[in-house]
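Novice: For reference, the structure I am asking about is given below.
The values are calculated or read from the model by the stated rules, or taken from the named source; none is laboratory data. Computed from a predicted structure; not experimentally measured. Every residue, glycine among them, receives a Cβ derived from its backbone with ideal geometry; neighbour counts consider all protein chains shown.
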Amino acid sequence: MEAKAIAKYVKMSPIKLIPVTNLVRGKDLAEALTILKFTPGKGAEIVEKVVQSAAANAENNHDLDPDNLYVAEVYAHQGPTLKRWRAGSQGRASIILKRNSHVGVVLKEKE
């Protein structure tokens, strides 16, 4: 049995989120939440929120025991990119890419 949670259109580049997701992949739920709580940066807060949501889904919707859960999958994929322009040198325009992410977590029960 598994429980999922996805945060879409997060206003952060996946390049900043991927190192945080690598910290918790394969860890127990309690250990993953502890790691995320003490990891600095906004990326850890976002991933922590999604992990807590997946844990709540597991407990409330699927009747799974939170003590037996582990982080089976966690990912940060590229979402849509907002393209903005800024005045550049010699009358040109410089592009600014505002990247978004989709963060997902899958929790499974230990066997």
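Novice: Can you report the number of residues in the range 97-111 which are farther than 18 Å from Asp28 by Cα and in contact (Cβ under 8 Å) with a residue 24 or more places away in the chain? I'd like the intermediate steps shown before the answer.
Specialist: Filtering the range 97-111 down to residues farther than 18 Å from Asp28 by Cα leaves 97-103.
Now restrict to residues that are in contact (Cβ under 8 Å) with a residue 24 or more places away in the chain: 98-103.
Summing the residues that are farther than 18 Å from Asp28 by Cα and in contact (Cβ under 8 Å) with a residue 24 or more places away in the chain in the range 97-111 gives 6.
Novice: Then there is this: Before we move on, is Ser94 in a strand (DSSP E or B), free of Cβ contacts under 8 Å to residues at least 60 places away in the same chain and out of contact with any Leu (no Cβ under 6 Å at 6 or more places or on another chain)? So that I can check it myself, show each step before the final result.
Specialist: Values: in a strand (DSSP E or B): yes; free of Cβ contacts under 8 Å to residues at least 60 places away in the same chain: yes; out of contact with any Leu (no Cβ under 6 Å at 6 or more places or on another chain): yes.
Against the criterion (in a strand (DSSP E or B), free of Cβ contacts under 8 Å to residues at least 60 places away in the same chain and out of contact with any Leu (no Cβ under 6 Å at 6 or more places or on another chain)), Ser94 qualifies.
Novice: Can you work out which of the residues in the range 52-111 that are exposed (fewer than 14 other Cβ atoms within 10 Å of the Cβ) and of a type in the set (Ser, Thr, Tyr) is farthest from Lys37 (Cα to Cα)?
Specialist: Per the stated criteria, the residue is Ser89.
Novice: Return the total of residues in the range 57-87 being aliphatic (A, V, I, L, M), within 15 Å of Lys108 (Cα to Cα) and either in a strand (DSSP E or B) or free of Cβ contacts under 8 Å to residues at least 12 places away in the same chain (or both). Steps first, answer last, please.
Specialist: At the first step, the residues of the range 57-87 found to be aliphatic (A, V, I, L, M) are 58, 64, 69, 71-72, 74, 76, 82, 87.
Now restrict to residues that are within 15 Å of Lys108 (Cα to Cα): 58, 64, 69, 71-72, 74.
Narrowing further to those that are either in a strand (DSSP E or B) or free of Cβ contacts under 8 Å to residues at least 12 places away in the same chain (or both): 69, 71-72, 74.
Final tally of qualifying residues: 4.
Novice: State yes or no: is Val50 in a helix (DSSP H, G or I), touching a Gly at 6+ places or on another chain (Cβ under 9 Å) and within 17 Å of Glu31 (Cα to Cα)? It would help to see each step written out before you state the result.
Specialist: Details: in a helix (DSSP H, G or I): yes; touching a Gly at 6+ places or on another chain (Cβ under 9 Å): yes; within 17 Å of Glu31 (Cα to Cα): yes.
It is true that Val50 is in a helix (DSSP H, G or I), touching a Gly at 6+ places or on another chain (Cβ under 9 Å) and within 17 Å of Glu31 (Cα to Cα).
Novice: Within the range 56-76, is there a residue that is of a type outside the set (Gly, Ala, Ser), modelled with pLDDT of 95 or more and closer than 17 Å to Arg99 by Cα?
Specialist: Yes, the range 56-76 contains a residue that is of a type outside the set (Gly, Ala, Ser), modelled with pLDDT of 95 or more and closer than 17 Å to Arg99 by Cα.
Novice: Let me ask something additional. Quick check on Lys16: is it over 18 Å from Glu2 (Cα atoms) and assigned to a helix (DSSP H, G or I)?
Specialist: On the way: over 18 Å from Glu2 (Cα atoms): yes; assigned to a helix (DSSP H, G or I): yes.
Yes; evaluated as a whole, the condition is true for this residue.
Novice: Sticking with this one: Can you find even one residue in the range 62-75 that is of a type in the set (Phe, Trp, Tyr) and closer than 16 Å to Asp28 by Cβ? Spell out the reasoning first.
Specialist: Here is the first cut: in the range 62-75, the residues of a type in the set (Phe, Trp, Tyr) are 70, 75.
Checking which are closer than 16 Å to Asp28 by Cβ leaves us with 70.
Yes: one or more hits.
Novice: Still on this model: Would you confirm whether any residue within the range 11-18 is touching a residue at least 12 places away in the same chain (Cβ under 8 Å) and over 15 Å from Tyr75 (Cβ atoms)?
Specialist: Checked against the condition, which is being touching a residue at least 12 places away in the same chain (Cβ under 8 Å) and over 15 Å from Tyr75 (Cβ atoms), the range 11-18 yields at least one hit.
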